[in-house]
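Report on one structure; see the data block that follows.
Taken together, the values in this text are just the output of simple stated rules run on the coordinates, not laboratory data. This structure is a prediction, so every number in the text was calculated from the model and none was measured. Please note: Cβ atoms are built from the backbone with ideal geometry, for glycine as well, and neighbour counts cover all protein chains shown.
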Amino acid sequence: MKFEEIVRQFGGLPWFDFEMVHLMSGETDECVHTELYRWRQAGKLVELRRGLFSLAEPWRRWVAGSGSGGTAGAVAESRCRDSAAIGAVLAGGIYPPSYLSARWALWWWGLFEGDFGKGYTSVTARPAREFENAFGRFSYATLPRDMLFGTVNVEAAGRRVRVASPEKALLDFCFIEGGEWDAARWTGLGLDERKIGKIECALLNEFASRSGRPRLKRAAKSFGRMAKAMASKSGVAIAPTGAGVSTVAAMVVKVEVGADSAKPGEGEGA
C-alpha cells in the first residue's frame, strides 16, 4: 500500500479510521498497522484518537481556503479562526454524537475574549471523555439527553458543524460548571461586555424552562438582570426579545431550536 493511495482515497475526508484503510488496501491487519505507524512517525498522518486519523498538511484536501487580506491583526485573528474551524469539524467525528458548546462555543460567537480556539468543549449523552492531538484538546462533557437541543449549523472550513447557539452554550456552561449563578458570578466570568447585549434573554429563559431544571431557570433570570444592568450602565442595547432567534447566531445561521442529538455519522459535525 502506497501513501499516494491514502491521499487519493481519503484526502477529501476530514477523518478516516483503521477499518476504512484495511478494506481499501486488502492487506493484513499487521501490515496496515505498520504502514499507519510509519506515516504517523513521518508526520503525514495525525492520529485524532486511537484508530481514527486525519491527513496532515499539505496532503489534506477537504479544508476550504480562506482569504488572508487585511491588517496584521485581522490576518492573525483570521488564521486563529481558520485553525479553530478545522478542529471544530474534527470534534464531531472524534466522539460522536456530540456538538460544540460551553466555553469554546462562547468563544466562537465572540462572547469570550482571548484564545480558546484549540480547547474544544463539546457535549454528548455519552460518558465524559477527553482527547488531545496535534489539533488541540477535545473535551466532551455529559449532558442528559433531554438537554441536547438548541444547536445551530455553521460553516467551518467548508463543512457543516453543529454548535450550540450562544444562549444554549451559556446554559450548557452553567450546567457543566454547577452551582448557583448570581450576578456576581456572571460578571466575573469574563464575557465580552460589548457582546452581552446581543444575547436573546427571552430565548435563554425559554431554553432554561425547557430544561426543567430550577437552577438553570434561576441562572437565566440572573443573567438577564445582569445584562440589563450592564446595558443601562454602558449604553449597549439589549437584543430585542420575543423573536425566538438568537441575535448573534442569526448573523450567521438559522437557529434550530428544536434540534435533537444527531445520530452518529449524521453531517460533518454529528
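Odds and ends about this structure:
- As a rough footprinting exposure proxy, the listed residues Lys168, Lys118 were ranked by other beta carbons within 10 Å of their own, and the order from fewest upward is Lys118, Lys168.
- Note on Lys221: aspartates and glutamates with a C-alpha under 18 Å away, same-chain residues under 8 apart excluded, are Glu167, Asp172, Glu177, Glu180, Asp182, Glu193, Glu200, Glu206.
- If R0 equals 41 Å, the separation of the Cβ atoms of Asp29 and Ala231 corresponds to a calculated FRET efficiency of about 0.10.
- For Glu113 and Arg38, the difference between the fully extended length at 0.36 nm per residue and the C-alpha to C-alpha distance is 23.0 nm.
- Once both labels are positioned 7 Å from their Cα atoms along Cα-to-Cβ, the gap between Lys221 and Arg129 label points is 3.9 nm.
- Packing-based exposure ordering (other Cβ within 10 Å, fewest first) of Ser209, Ser54: Ser209, Ser54
- Residues Tyr37, Tyr95, Tyr120, sorted so that the one with the fewest Cβ neighbours within 10 Å comes first: Tyr37, Tyr95, Tyr120
- Spin-label pair Arg137-Glu4: with each label point 7 Å from Cα along the Cα-Cβ axis, the two points sit 4.2 nm from one another.
- Placing dummy labels 7 Å off each Cα toward the beta-carbon, the span from Phe18 to Asp182 is 5.3 nm.
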